[in-house]
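Chemist: Here's a structure for you.
The values are calculated or read from the model by the stated rules, or taken from the named source; none is laboratory data. These numbers were taken from a predicted model, which means no experiment stands behind them. No Cβ is skipped: glycine too gets one built from the backbone with ideal geometry, and neighbour counts run over all protein chains shown.
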């Protein structure tokens, strides 16, 4: 088992994993072309050639990035996969010199255990006007905004 940066051949497996949660309205859908475009921002958790988890670190501003598209395969929850994936993002954010990382989530307790704190969505103007306006739930978003200061 290993966490590693995603590669082009991983895109279809990442898409399939994310689609599972998007169909349940637990995360925004991402198209396969979108995943190919940002494949370098993804980490995957792989066991015996199978992708069991994925996450993306997207840089938003000079001091701000987002942990997004965090998904763990059904039946693989509560095994530390999500924690390891988010930690890989936080480690990279530190290496890049970023000061803050945020997430919009339906799983606030998970992020709280990782050191994130609740914030108002209004503190994330770049996010709201770039991705959120494309969401079918906008402006009535029910996700919880959380941030960690590195």
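Chemist: Which residues, counting only those in region 63-81, are part of a loop (DSSP other than H, G, I, E, B) and closer than 23 Å to residue 95 by Cα?
Modeler: 63, 80 - these are the residues of region 63-81 that are part of a loop (DSSP other than H, G, I, E, B) and closer than 23 Å to residue 95 by Cα.
Chemist: Just need a number here: residues in region 35-58 that are over 13 Å from residue 74 (Cα atoms) and surrounded by 15 or more Cβ atoms within 10 Å (Cβ to Cβ).
Modeler: Looking only at that region, the number is 13.
Chemist: Condition first: touching a strand residue (DSSP E or B) at 6+ places or on another chain (Cβ under 6 Å) and not in a strand (DSSP E or B). Now tell me which residues in region 31-62 satisfy that.
Modeler: Matches in region 31-62: 41 only.
Chemist: If a residue must be within 15 Å of residue 42 (Cα to Cα) and either surrounded by 15 or more Cβ atoms within 10 Å (Cβ to Cβ) or in contact (Cβ under 8 Å) with a residue 60 or more places away in the chain (or both), how many such residues does region 84-100 contain?
Modeler: 9
Chemist: Can you tell me which of (1) modelled with pLDDT of 95 or more; (2) loosely packed, with under 15 Cβ neighbours inside 10 Å; (3) under 22 Å from residue 144 (Cβ atoms) is the one residue 5 doesn't meet?
Modeler: Condition not satisfied by residue 5: (3).
Chemist: Another question about this same structure. Take the residues of region 133-150 that are modelled with pLDDT under 95 and in contact with a strand residue (DSSP E or B) (Cβ under 8 Å, 6 or more places away or on another chain): which is farthest from residue 82 (Cα to Cα)?
Modeler: Checking each candidate, the answer is 141.
Chemist: Condition check: crowded, with 18+ Cβ neighbours inside 10 Å and part of a loop (DSSP other than H, G, I, E, B). Does residue 27 satisfy that?
Modeler: It is true that residue 27 is crowded, with 18+ Cβ neighbours inside 10 Å and part of a loop (DSSP other than H, G, I, E, B).
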